[in-house]
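Novice: Take this structure first; my questions come after.
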Amino acid sequence: MQENNNPLGTEPIGKLLKKFAVPSIISMLVMSLYNIVDQIFIGQKVGELGNAATNVAFPLTTLCLATALTLGIGAAAGFNLNMGAGDTKKAPYFIGNATTLMLTVGLVLAVITAFFMKPMLLFFGSTENVLPYAIEYTAVLAIGYPAAILSAGGAHLIRADGSPNFSMACNLAGAIINVILDYVFVIVFNWGMTGAAIATIIGQYVATIMVLWYLTRFKTVKLKKEHFIPKKKICTKTCHLGMAQGLNQLAIMFVQIVMNKTLTYYGALSSFGADIPLAVCGIVMKVNQVYFSVCIGVAQGMQPIVSFNRGAEKFDRVRKTYRMALTCNIIISCLAFVVFQLFPEQLLSIFGSGSEAYVQFGIKFFRIFLFMTFLNGIQPITSTFCTVIGEPNKGTFLSLTRQVICFIPLMLVLPFAFAKIGGQAMGIEGVMYVAPISDFLAAVLSLIVVKKVFKTLR
């Protein structure tokens with residue numbers, strides 16, 4: 001049987017989790033650095049308005065990531081579940097179909113962005129001061145959307161084939177190129193927003209070329225032309241399995257849009273103005289993304305181990321993998337909490353200097369908005385776990401708990417309540433308390449769901 005020969009079903013869980021999680025963490029860190037490096041150089045060279053512009057453009061980047069995670073994680077889970085069950089004929093269709101879909105969606109998104117860029121950026125919360133910078137940045141960035149999706153999603157396909165190190169190498173190569181070219185184009189050539197965007201897409205296309213090269217040399221199965229022709233059942237199953245992670249990113253995108261609009265509205269009524277909250281929020285979200293990418297990396301490293309052993313009906317190994325991954329994420333989250341609470345000003349300064357009001361608002365936003373960070377590692381682990389064991393509906397529910405079920409209603413209610421109680425200028429304070437309350441509720445719901453799921457693993 002397949003499971004007797006595959007190390008996913010026989011090697012110690014700790015060894016396997018380290019083997020898959022460490023490269024996954026590095027890959028996710030590298031992916032998060034694409035945008036944060038741009039923002040660092042833009043902040044140093046362009047200033048507050050440039051930082052705000054990257055925040056306004058970020059929903060489109062999040063949409064690319066949502067597509068990559070839906071198709072990448074969905075295909076990887078489908079591939080590993082079928083390999084664990086010994087169905088080597090069906091498994092490769094998940095890899096090929098996902099590759100085709102990634103490129104197609106990337107091209108469509110690039111075309112849509114090109115035609116509707118200005119109204120999209122205004123809808124995302126851009127002010128008139130920020131809009132020219134946002135258009136300049138997005139116009140170039142859109143060219144790289146196919147590569148952004150395939151390089152991020154392709155990493156999951158490579159990892160599913162048992163090559164986490166090469167998956168990491170793809171993203172690492174792209175990120176190193178991005179950092180080097182950011183310095184050259186933004187600092188040396190003084191190309192501003194355009195230079196940062198060009199650096200990003202060059203790095204993404206290099207990573208994409210590496211992904212495509214690997215797909216021609218897949219180890220566990222041989223990929224043929226027919227595997228890349230979309231099949232309705234395969235595409236539907238892929239999207240179903242990856243839906244939790246994809247919807248989570250879409251929810252993040254929607255949250256970002258609502259938050260941008262709320263920040264500019266209530267910011268304009270406060271002493272900080274509309275642009276400072278927009279710029280600060282972008283920085284805090286990006287820094288938090290770096291931490292959160294580590295948690296997601298652990299979850300992704302868990303994926304092939306859990307899905308294979310679920311397919312092989314080795315339920316003790318499934319439960320042990322989850323517990324070990326959860327422990328790792330809790331430790332990581334506690335460390336991040338300490339950093340966010342003790343060093344907010346230092347983190348803010350990485351992205352350039354600003355006015356006294358900018359620094360004051362930034363420190364307060366960091367400490368309040370990220371106050372429940374120590375619990376934030378629970379939800380991504382649990383959501384991914386449910387998805388890869390073949391419970392995508394539960395995974396989808398958990399992925400939506402923080403962003404949609406909790407965050408958006410609170411974002412509408414809390415600022416309004418604070419403004420009513422303490423005056424219009426206090427509305428901006430209410431925005432800060434939305435995240436910690438949502439984080440707490442999402443963590444509690446995750447633990448309740450996983451307890452019930454464990455009872456079904458018999």
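Novice: Any idea what the dipole of segment 326-440 comes to, in debye rounded to 20, about its Cα centre with Lys/Arg Cβ at +1 and Asp/Glu Cβ at -1?
Specialist: Here the size comes out at about 160 debye.
Novice: Sticking with this structure for a sec: In the structure displayed, which of LYS233/LYS394; LYS89/LYS233; LYS90/LYS314; LYS90/LYS225; LYS261/LYS286; LYS232/LYS451 lie more than 24 Å apart, Cα to Cα?
Specialist: Table pairs above 24 Å Cα-Cα are LYS232/LYS451.
Novice: Considering the options PRO92, TRP213, LEU247, tell which one lies farthest towards the positive end of the dipole of the chain, charges being +1 on Lys and Arg and -1 on Asp and Glu at the Cβ, about the Cα centre.
Specialist: It is PRO92.
Novice: What angle do you read, to the nearest 10 degrees and between 0 and 90, between the alpha-carbon axis of helix 145-160 and the longest principal axis of the chain?
Specialist: Once rounded, one gets 40 degrees.
Novice: May I pose another question? Using the Karplus curve 6.51 cos²θ - 1.76 cosθ + 1.60 with θ = phi - 60°, work out ³J(HN,Hα) for each residue of segment 264-281 in order, rounded to whole Hz, and write x for Gly and Pro.
Specialist: Values, residue by residue: 5, 5, 6, x, 5, 8, 10, 6, 7, x, 7, 7, 4, x, 5, 5, 5, 4 Hz.
Novice: Further question on the same structure: How far apart, in nm, are two points set 7 Å out from the Cα along the Cα-to-Cβ line at GLU226 and at PHE315?
Specialist: Spacing of the two 7 Å Cα→Cβ label points: 3.7 nm.
Novice: With θ taken as phi - 60° and the coefficients 6.51, -1.76 and 1.60, list the Karplus ³J(HN,Hα) couplings across segment 237-247 in order, rounded to whole Hz; mark glycine and proline as x.
Specialist: For segment 237-247, the Karplus-derived couplings read 5, 4, 5, 5, 5, x, 4, 4, 5, x, 5 Hz, x marking Gly and Pro.
Novice: Please give the helix 356-369 orientation as an angle from the longest Cα principal axis of the chain, in degrees from 0 to 90, rounded to the nearest 10.
Specialist: 40 degrees
Novice: Just to verify a number: FRET efficiency for ILE368 and ASN129, C-beta to C-beta distance, R0 = 30 Å, to 0.05?
Specialist: So, using R0 = 30 Å, E works out to roughly 0.70.
Novice: Compute the signed sum of charges (Lys and Arg +1, Asp and Glu -1) over the other residues within less than 11 Å, Cβ to Cβ, of GLY78.
Specialist: Every neighbour counted, the sum reads +2.
Novice: Please quote Rg/Rh for the chain to two decimal places, taking the Kirkwood radius as Rh and restricting both calculations to Cα atoms.
Specialist: 0.97
Novice: Another question, if that's okay. Counting helices only, and only those DSSP H runs with n ≥ 4, report the 222 nm mean residue ellipticity of the chain as the sum of -39,500 (n - 2.57) divided by its residues, in deg cm²/dmol to the nearest 500.
Specialist: -27500 deg cm²/dmol
Novice: Taking the alpha-carbon centroid of each part, what is the distance from segment 286-343 to segment 400-423 in angstrom?
Specialist: Cα centres, segment 286-343 to segment 400-423: 29 Å.
Novice: Grab the Cα-Cα distance for ALA357 and THR10, subtract it from 0.36 nm times how many residues apart they are, and report the gain in nm with one decimal.
Specialist: Once the chain is fully extended between ALA357 and THR10, it gains 119.2 nm.
Novice: Follow-up question, since we're still on this one. Over segment 10-456, what relative contact order in percent results from Cα pairs under 8 Å that are six or more residues apart?
Specialist: 23 percent
Novice: On a 0 to 90° scale, report how tilted helix 131-141 is relative to the longest principal axis of the chain, with both axes built from alpha carbons and the result rounded to the nearest 10.
Specialist: Taking Cα atoms only, the helix is inclined about 20 degrees.
Novice: If you place +1 on the Cβ of every Lys and Arg, -1 on the Cβ of every Asp and Glu, and leave all else neutral, what size is the dipole of the chain about its Cα centre, to the nearest 20 Debye?
Specialist: Approximately 1980 debye in magnitude.
Quick note: the coordinates plus some simple rules give every number you see, no bench work behind them. Since the model is a prediction, treat every value here as computed from it, not as a measurement. Reconstructed Cβ throughout: ideal geometry from the backbone, glycine too, with neighbour counts over all protein chains shown.
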